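Undergrad: If you scroll down you'll find the structure; I have some questions about it.
Values quoted throughout were computed directly from the atomic coordinates according to the rules given, and no laboratory measurement underlies them. Note that the structure is a prediction, hence the values are computed from the model and not measured. Note: ideal-geometry Cβ built from the backbone for every residue, glycine included; neighbour counts use all protein chains shown.
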Amino acid sequence: MPKPKNKEDFAYRHIRELIDSDRFQLGDLLPTETALSEELGINRTTISKAMAALKNEGYVERRAGRGTMLLRKPASSSSKMVLIISPWPTWDIKDERFFPRLIYSMQTEAIRNDMTTINLAIHGEEIENNDFTKIRDIYNAYEFLGAIVIDPFLATHGKLQEFLTDLECPTVWAGSSQKGMKNAHCIDIDDQQATFDLTEKLIESGAKKIAYISYRLNTTFRNRRLEGYKAALEKHDIDASEQLIIFNSTPVTLKEAGRECAGIYTARNLDVDAVVLSDLLMIDGIVSFCEQLQTPPLLKLKKLPVATFDYEMNHGHPNIRFSALQPIEEIGARTIQMLMEICQGKPNLPLIEILNHEIHSTGS
């Protein structure tokens with residue numbers, strides 16, 4: 001629990017300690033605001049605000065003329081609880097292959113270590129003020145070991161990490177490609193190297209003019225993937241024209257972004273040999289747009305060799321030739337393990353731990 005920083009925090013913490021103690025059991029009435037005000041030397045308005053916060057967290061029930069009744073106690077610190085913060089999905093969840101596997105692997109590893117997880121979804125593109133309120137309320141309501149943040153689409157991780165640091169919350173980030181931030185540890189693959197490897201595979205298979213298609217370049221990991229694409233072209237003395245870099249401009253679903261990028265492709269009158277696709281789920285939108293318009297350039301685009309991430313043969317896109325497979329289950333398990341190591345005070349833990357990716361050939 002964070003240290004008290006003002007009178008309201010001090011009152012909140014004092015009442016929480018009363019709730020935690022053996023002095024009060026479920027159904028008991030807590031001391032009145034007047035009694036607490038006299039005991040702490042704090043005005044009743046401040047005590048009332050602290051009580052309101054505890055009511056919002058579900059600890060107490062307040063009734064006029066009756067007093068404040070204790071409804072529940074916090075989970076024991078021995079329960080080793082972990083808060084998992086993840087972006088709220090904005091697409092059809094049945095099509096998403098990253099989040100469910102990652103969260104399931106975290107939960108599995110937590111169970112193996114007698115830990116409990118609580119999941120909290122926040123805005124995926126940019127964290128908002130009400131997200132901070134949700135995180136603070138739930139973090140104060142339980143005794144957590146710390147938090148794990150799932151970050152493949154969260155652009156404002158710096159702002160969130162500052163908030164978690166202020167809460168004195170040990171934090172591990174999963175899938176964020178961070179370059180390192182104070183008080184934040186990260187488990188991920190090297191997105192730049194993975195995209196370099198994908199691009200080089202296309203070059204080695206004979207492609208000379210390669211487009212890069214991505215969802216909005218508003219996150220660290222997507223920009224690192226773009227840098228990997230550029231680096232591979234530079235290594236092989238291939239032109240990295242800005243015209244070949246295509247991304248959508250507005251927040252939409254990944255399928256809609258694919259359609260928008262296919263429209264940009266045809267508007268630029270491009271004619272390429274292959275495509276590096278940063279976000280696998282965009283391909284359905286690209287194919288849909290190509291089939292709708294049926295122009296020769298788009299019919300060619302539909303059949304071009306594609307290199308992307310986390311594609312498996314049963315996904316049904318035969319033109320995807322290479323896939324960078326992330327060790328999703330290993331990332332999830334390792335985040336739990338690292339959080340435990342942080343809480344145990346293990347020395348010399350890396351701020352960024354990079355796990356190996358695999359490049360698979362998926363078609364002829």
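Undergrad: Going by amide H atoms built from the backbone, whose H comes under 5 Å of the H on residue 353, apart from near neighbours?
TA: The list, which skips near neighbours in sequence, is 186, 187, 188.
Undergrad: Using r as the Cβ-Cβ distance of residue 319 and residue 25, and R0 as 45 Å, what FRET efficiency do you calculate, to the nearest 0.05?
TA: Details: r = 65 Å, r/R0 = 1.45.
It comes out at approximately 0.10.
Undergrad: Let me ask you something else. Sorted from largest down, what three extents in whole angstroms do the Cα atoms of the chain have along their principal axes?
TA: Ordered largest first, the chain gives principal extents of 80, 43, 33 Å.
Undergrad: Looking only at the chain, where both bridge partners belong to it, what percent of the DSSP beta bridges are antiparallel (to the nearest 5)?
TA: 20
Undergrad: Take the alpha carbon gyration tensor of the stretch 7-70, find the square roots of its eigenvalues, order them as a ≥ b ≥ c, and report rounded if a/c is under 1.5; if not, report prolate when a/b exceeds b/c, else oblate.
TA: Rounded.
Undergrad: Express as a percent, rounded to the nearest 5, the fraction of DSSP beta bridges in the stretch 191-325 (both residues included) that run antiparallel. Please list the in-between numbers first.
TA: Values: 0 of 13 bridges.
Bridges in the stretch 191-325 that DSSP calls antiparallel: roughly 0 percent.
Undergrad: Related question: Where does each of 104, 142, 59 land when they are ranked from fewest to most other beta-carbon atoms within 10 angstrom?
TA: With the sparsest Cβ surroundings first, the list reads 104, 142, 59.
Undergrad: Okay, moving on. Give me the compactness ratio for the stretch 209-283, meaning the Cα radius of gyration over 2.2 N^0.38 Å.
TA: Here the answer is 1.04, to two decimals.
Undergrad: What percent do you get for the relative contact order of the chain when only Cα pairs under 8 Å and 6+ apart count?
TA: Computed over the chain, the figure is 16 percent.
Undergrad: When the Cα centres of the stretch 104-133 and the stretch 195-252 are compared, how far apart do they sit, in Å?
TA: Each part's Cα centre sits 31 Å from the other's.
Undergrad: Still on this structure: Report, by chain and number, residues whose modeled amide H sits under 5 Å from the one on residue 122, excluding near sequence neighbours (fewer than 5 apart, same chain).
TA: 86, 88
Undergrad: For the chain, what is the calculated [θ] at 222 nm in deg cm²/dmol (nearest 500), taking -39500 (n - 2.57) for each run of four or more DSSP H residues and dividing by its residue count?
TA: Working: 12 runs with 151 residues, N = 364.
Result for the chain: -13000 deg cm²/dmol, rounded to the nearest 500.
Undergrad: Still on this structure, please answer the following. What is the order of 131, 114, 22, fewest Cβ neighbours within 10 Å to most?
TA: Fewest-to-most ranking of 131, 114, 22: 22, 114, 131.
Undergrad: Just to verify a number: FRET efficiency for residue 346 and residue 13, C-beta to C-beta distance, R0 = 25 Å, to 0.05?
TA: 0.30
Undergrad: To test your reading of the geometry: what angle, between 0 and 90 degrees and rounded to tens, separates the Cα axis of helix 44-56 from the longest principal axis of the chain?
TA: The helix 44-56 is inclined about 50 degrees to the chain.
Undergrad: Let me ask another. What is the order of 252, 287, 149, fewest Cβ neighbours within 10 Å to most?
TA: Lowest to highest Cβ neighbour count: 252, 287, 149.
Undergrad: Here's something else I'd like to know. Please state the shape class of the stretch 191-325: rounded when a/c is under 1.5, otherwise prolate if a/b exceeds b/c and oblate if not, all from the C-alpha gyration tensor.
TA: Because its axes are fairly even, with a/c under 1.5, the stretch 191-325 counts as rounded.
Undergrad: Something else about it: Run the simple label-point estimate for residue 209 and residue 240 please: 7 Å along Cα→C-beta, distance reported in nm.
TA: Inter-label distance under the simple model: 2.0 nm.
Undergrad: Which FRET efficiency value, to the nearest 0.05, do you get for residue 34 and residue 143 by plugging their Cβ-Cβ distance into 1/(1 + (r/R0)^6) with R0 = 41 Å?
TA: Approximately 0.90, to the nearest 0.05.
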